[in-house]
1. Going down the table (Lys199/Lys225; Lys299/Lys319; Lys231/Lys255), which pairs top 27 Å between alpha carbons?
2. Give me, ordered by chain and number, the residues 5 or more places off Phe246 or on other chains with an amide H under 5 Å from its own placed amide H.
3. Tell me the label-point distance for the pair Ala90, Val424, using the 7 Å Cα-to-Cβ offset, in nm and rounded to one decimal.
4. Post the alpha-carbon centroid distance, the stretch 82-155 to the stretch 311-332, in whole angstrom.
5. For an R0 of 45 angstrom, estimate the FRET efficiency from the Cβ-Cβ distance between Thr10 and Arg266 and round to the nearest 0.05.
6. Answer rounded, prolate or oblate for the stretch 30-155, using the Cα gyration tensor with square roots of eigenvalues a ≥ b ≥ c: rounded when a/c is under 1.5, else prolate when a/b is larger than b/c, else oblate.
7. Round to the nearest 0.05 the FRET efficiency obtained for Glu135 and Lys231 when R0 = 22 Å and r is the Cβ-Cβ distance.
8. List the residues of the stretch 80-119 whose backbone N lies under 19 Å from a point placed 7 Å from the Cα of Ser213 along the Cα-to-Cβ direction.
Amino acid sequence: MTDLFRAVLTTRGAAITSWQLTRYTNGGPDGPQPIQLIHTEGKFHRPLSIQSADAALNKQLADGLYQVDRDFVTLDAAHPVGHLTFAYRAPGTGITVEKRLTFHHHSYVVDVSVKTEGLAGPLDIRLGTNFGIVEWGEGFIGLIGPASLVDDTIEKDTPDTELERKGAVRWVALQDKYFLSVLMPTGAAAAVVKKEGEKLVSAGVRFAPPAGSADLSVQLYAGPKEFDTLKSLNAGLEDTIDFGWFIYGSWDIVKAVAKPLFYVLRFLYDYTHNYGLAIILLTVGVKLLFVPLQYKSYKSMKDMQVVQPKVVALQAKLKDDRERLNRELIKLYRDHKVNPVGGCLPMLLQMPVFVALFNILYMTIDLRQAPLLLWITDLSVQDPYYVLPVIMGATMVLQQKIMPTTMDPIQAKVMLLLPAMLTVLFLTFPAGLVLYWLTNNVLTIGQQFITDRYIFKKPTFSLASEPAVDAGSADGEKPAGKRKKDKVGPKPEADTHVET
């Protein structure tokens, strides 16, 4: 036992039967219980078991009783290193196996050396089945199951049956959202991943056939996906926390943005000691950073709202001449200095930041069991009373109401369904993620109010409720039936711009 985990190993097969993380808990009928990384349902090969191509020999090695020798029970600062040695001699065969495990105080890493005599053919050191997969959840981000780094390429897919990746093996792992187990071998020839059943997968490392005797070496890590802890191992394991994930794959640009934001979030936490407050402050900082882009997007949308009646008139007049319609629209936009995609481009530039923040707040173990206040006791799970998602949905409705739009009334009503759908979706999202989205919506509404009141000198809500102004036909003339009688005196110039 160390200050980080409590491990139980059996003399039958010299394998791991229990691995509990003392600093991470799950709720239960008897109160919080330490996280158990060992999959206990069903009979599978246990972690650190040895396998060869001989099925009968594998059974003998798995069921044989090993002699054990140890020099510790609990590790602490006064006794920081401990050794556990298992030895087995197969009767009448000359086959011997020795496993030596070295544990370290305040470390999840265990050094494992295996010495064998009399074994022929390739040898596998197994990571076990679902070791490190506490919950095979379904989500939007990342992959759960196996992962391996071979020849500097990470592979995360679960095979249909069995996959052998030959090459320079850095590590092979089994992972879920917050935890993982890893074997980091020295001199392994391949990483092996096998599907054992629905949401069941095993993994291991394969060593080349020994010449009568073998001296194998691996390091075992079984613990949380803490970014700094994984990075300190210098094996690229921090990439199992895929901050770059977006829809169907990992994007380098999102990952490049996510890591600095993650460091800023933790910096803010060091001062606030509350991840909820740190999320709010980080959202405010990102919002301030993008104020110029958001203002440009908002102004472009307002300009498009002004010219929209002329666009509609052109579309009606030239609906049978697409080529001329395109030319006239380009001329219209140029004359009014309006970019039809000007409202979208700033949003696209912000997209990597939004996705990066989404990933951080959805995936990082730092938010696990981190409280906000009152009823929000864990920012990594959904709001138990759905207060945050409902308020977030209300802010989305308000945001749509005050946002300039060029949509017709029917389209606008259809778009009002979007807040309802996103609210239902966010009901099951982590409270920390919903808090970020809610904070961003409130800041957007505040920014729009300030922009309308102090820059455009117009009340926000009257702006949103004003109907589109009929700007006349494409050639600038007023529609029939709406012309006023000319007054005596100079004829005023025709309006080409309507201030809203």
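The values are calculated or read from the model by the stated rules, or taken from the named source; none is laboratory data. Quantities reported herein were computed from a predicted structural model and do not represent experimental measurements. Cβ: placed from backbone, ideal geometry, glycine included. Neighbour counts: every protein chain shown. Note: accessible area is taken over every heavy atom of the protein model, side chains too, but ligands, DNA and RNA are not part of it. Shrake-Rupley method; radii C 1.70, N 1.55, O 1.52, S 1.80 Å.
1. Violating the 27 Å Cα-Cα cut-off are Lys299/Lys319.
2. Here Trp251 satisfy the definition.
3. Using points 7 Å along Cα→Cβ, the separation is 6.0 nm.
4. 69 Å
5. Details: r = 39 Å, r/R0 = 0.87.
Once rounded, the FRET efficiency stands at 0.70.
6. Numbers: a/c = 1.77, a/b = 1.23, b/c = 1.44.
The shape class here is oblate.
7. Values: r = 24 Å, r/R0 = 1.09.
After rounding, the FRET efficiency stands at 0.35.
8. 86-101, 113-119
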